[in-house]
């Protein structure tokens, strides 16, 4: 039975922005997993070429964090990925990430009522920070994504992404336990939880991010 893991009618809009703002030789990377009222909706910054699905030769699911070890660590430590899955994928190389394997893995994770996306879907060739203006070009689309999916709780990683999403200055260090902001989209109120960004330079805040997500989600 086919499981729908993405909002494919938004793809052309994301691809148009990829051509404008970043490397045309790379695929956009779209949100994925549970698209029907998930318990948790994770928003990261933007993808890079290290995501296997950004390669033009990749002809299947273009989704976040298929091949990023730090995020696997985070998901494992907060209980989204089981030890068996974590052990299976941690040392895998690009050649073993087949479409069949990804479909099986992502179908299992979708059942856990989790959705993952980036504020900006434009894939870049390195990890240089994006300017606020580029992220803002994706705001209407992330609001549409949220409205279509209608998550219970939204976890937003980092000061920059949280501030842009909420149109106010956010310092994630000011948020602990269950403290949240509210975002209204089409008369529906969503709870937004700013959390430390747990990759790259933010790796030092991994434990803080894990503790807060566990508190928010009761994982």
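Consider residue 46 against the criteria (1) within 22 Å of residue 194 (Cα to Cα); (2) touching a helix residue (DSSP H, G or I) at 6+ places or on another chain (Cβ under 7 Å): it satisfies all of them except one. Which criterion is unmet? Unmet condition: (2). Could you look through region 72-96, keep only residues that are assigned to a loop (DSSP other than H, G, I, E, B) and more than 16 Å from the chain's Cα centre (by Cα), and pick out the one that is farthest from residue 209 (Cα to Cα)? By that ranking, first place goes to 93.
When the residues of region 143-167 are filtered to those that are outside any helix (DSSP H, G or I) and touching a helix residue (DSSP H, G or I) at 6+ places or on another chain (Cβ under 9 Å), the one that is farthest from residue 212 (Cα to Cα) is 167. Scanning region 51-58 turns up one or more residues that are within 16 Å of the chain's Cα centre (by Cα), in a loop (DSSP other than H, G, I, E, B), modelled with pLDDT under 80 and surrounded by fewer than 23 Cβ atoms within 10 Å (Cβ to Cβ).
Which ones in region 103-123 are touching a helix residue (DSSP H, G or I) at 6+ places or on another chain (Cβ under 9 Å) and either touching a residue at least 40 places away in the same chain (Cβ under 8 Å) or assigned to a loop (DSSP other than H, G, I, E, B) (or both)? If the condition is that a residue be touching a helix residue (DSSP H, G or I) at 6+ places or on another chain (Cβ under 9 Å) and either touching a residue at least 40 places away in the same chain (Cβ under 8 Å) or assigned to a loop (DSSP other than H, G, I, E, B) (or both), then 109, 114, 115, 116, 117, 118, 119, 120, 121, 122, 123 are the ones that fit. Note on region 186-201: residues that are surrounded by 14 or more Cβ atoms within 10 Å (Cβ to Cβ) and in contact with a helix residue (DSSP H, G or I) (Cβ under 8 Å, 6 or more places away or on another chain) amount to 9. Hey, any hits in region 168-183 for a residue that's in contact with a helix residue (DSSP H, G or I) (Cβ under 7 Å, 6 or more places away or on another chain) and within 23 Å of residue 6 (Cα to Cα)? Scanning region 168-183, I find at least one residue that is in contact with a helix residue (DSSP H, G or I) (Cβ under 7 Å, 6 or more places away or on another chain) and within 23 Å of residue 6 (Cα to Cα), so the answer is yes. In the set 100, 140, only one residue is modelled with pLDDT under 90, surrounded by fewer than 19 Cβ atoms within 10 Å (Cβ to Cβ), out of contact with any helix residue (DSSP H, G or I) (no Cβ under 7 Å at 6 or more places or on another chain) and in a helix (DSSP H, G or I); that residue is 100.
Scan region 179-206 for residues that are modelled with pLDDT under 90 and over 18 Å from residue 161 (Cα atoms) and the total you get is 1.
On the stretch given as region 28-43, residues that are touching a helix residue (DSSP H, G or I) at 6+ places or on another chain (Cβ under 8 Å) and more than 17 Å from residue 103 (Cβ to Cβ) total 8. May I ask you to list the residues in region 29-45 that are buried (at least 23 other Cβ atoms within 10 Å of the Cβ) and in a loop (DSSP other than H, G, I, E, B)? Selection gives 29, 30, 31, 34. Within region 111-128, the residues that satisfy the criterion of being surrounded by 13 or more Cβ atoms within 10 Å (Cβ to Cβ) and over 16 Å from residue 17 (Cα atoms) are 112, 113, 114, 115, 116, 127.
The values are calculated or read from the model by the stated rules, or taken from the named source; none is laboratory data. Given the structure is predicted, the values throughout are model-derived calculations rather than measurements. Positions of Cβ are generated from backbone atoms using ideal geometry, with glycine treated the same way; all protein chains shown enter the neighbour counts.
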